[in-house]
1. Could you sort 86-96, 142-152, 166-176 so that the peptide with the highest average Cβ count within 10 Å comes first and the rest follow in order?
2. Report the relative contact order of region 108-229, percent, no decimals, based on alpha-carbon pairs under 8 angstrom and at least 6 residues apart.
3. Translational diffusion coefficient of region 129-211 at 37 °C, 0.692 mPa s, Stokes-Einstein with Kirkwood Rh over Cα pairs, in µm²/s as a whole number.
4. Which order do the peptides 115-123, 14-22 take when ranked by the mean count of other beta-carbon atoms within 10 Å per residue, highest first?
5. Just need log10 I(q)/I(0) for region 1-54 at q = 0.13, 0.17, 0.18 Å⁻¹, Debye formula, equal scatterers on the alpha-carbon atoms, no solvent, rounded to two decimals.
6. Give Lys22/Lys202; Lys95/Lys206; Lys9/Lys207; Lys9/Lys95; Lys61/Lys177 a once-over and call out the pairs whose C-alpha atoms are over 32 Å from each other.
7. For the peptides 245-254, 26-35, 67-76, what is the packing order when you average, over each peptide's residues, the other Cβ atoms within 10 Å and list the highest mean first?
8. Expressed as a fraction of 2.2 N^0.38 Å, the rule-of-thumb size for a compact globular protein of N residues, what is the C-alpha radius of gyration of region 4-289?
Amino acid sequence: MSPVLEFEKLTWPEIDALKREKTLVFLALSPIEEHGPHLPVGVDFFNAGFFARRTAENLTKERPDLNVLLYPAIPIGANTFRFVGSVWIKIGTLKRMLLEIARSLSRFNFDKIALFSAHGGPFHLLTLEEACFLARRKYGVQMILPGSAATVKFLRGEYQSEIEQALGRKLDEEEKKAFKHDFHAGWWETSMMLLNFPHLVKPEYKKLEPVLVRFRDLRTNAIPKLGKGEGYMGSPARATKEFADATTRIFFRLGQIVLLKLADGQNTDQETKSILSKIIRWKFWLLRGVAILAAALILFFILRSTLH
């Protein structure tokens, strides 16, 4: 049996025969969202599936003792741009779905789960991180988002030197500027589609003019107003397969480190917690404090009414 297994194609005895301590479950999910006039609405979904499968293959090649269960990819996510072709759901719905899956898997002692998402919406990533946090607290499941910290850094243009090393050359000043402002259906995502799904890329991408915005100006309702209102932010015309290959090698290397730690039961907080994690912790302790205060007040009034 191959070490990379598709969950939905197995029988229950085949699933049950897997050694739990040597099995990781990979779940790819990303929303359906518009990606300009040159890319299909399934870009994030396709890329998430690509990263999950290729990472599974790389991981089991390095560690033949491991098995990876590929859970069926789910075309769902939150915090998409409000544009024709985009489908968005409430973050609460997304979180509940992930927790239900984690709970179900935990009942059969599959307690190592890695989420893969190629959608960079901040509230989407925040929700995935929160689901991971709650899965650990509620069900004892080590559910992680290996690419969370890396995705946020990538969107902020913080991997320039690593990309230059992977490309074997320096980025020129125009490329540096383009990379720093490449957020949606631009240089990177068009490159990824050229690498993996070239038949889905419209040739018109070569003629699209750059639409450069600042990270802090990203909003779900902003994209129809940018450039010519064609639904992209970045420089699609710069796209090449070589750029995609260079960046994926970086992501695979970073992901491999995290997943080997997960497989061996080690702490992965340093590699998986993005700046968004601070928001989750603050929210959790605030809600917990409010709950304790409310309980104390209720108890106070009950005792008071009893004494009187």
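1. Details: 86-96: 15.5, 142-152: 23.3, 166-176: 13.1.
Put in order of decreasing packing, that is 142-152, 86-96, 166-176.
2. Values: 73 pairs, mean separation 22.6, N = 122.
Normalised by residue count, the contact order of region 108-229 is 19 percent.
3. Details: Rh = 15.4 Å.
The diffusion coefficient I find is 213 µm²/s.
4. Details: 115-123: 22.8, 14-22: 12.1.
Most protected by this proxy first, the peptides run 115-123, 14-22.
5. Log10 I(q)/I(0), no solvent term: -0.47, -0.66, -0.70.
6. Values: Lys22/Lys202 42 Å; Lys95/Lys206 38 Å; Lys9/Lys207 43 Å; Lys9/Lys95 26 Å; Lys61/Lys177 37 Å.
As for pairs spanning more than 32 Å Cα to Cα, those are Lys22/Lys202; Lys95/Lys206; Lys9/Lys207; Lys61/Lys177.
7. In decreasing order of mean packing, 245-254, 26-35, 67-76 become 26-35, 67-76, 245-254.
8. Values: Rg = 18.8 Å, N = 286, 2.2 N^0.38 = 18.9 Å.
Taking N as the residue count of region 4-289, the ratio is 1.00.
Bear in mind that the values in this text are calculations on the coordinates, not laboratory data. Keep in mind that what you see is a predicted model, and the values were worked out from it rather than measured. Using ideal geometry, Cβ is built from the backbone for each residue, glycine included, and neighbour counts are taken over all protein chains shown.
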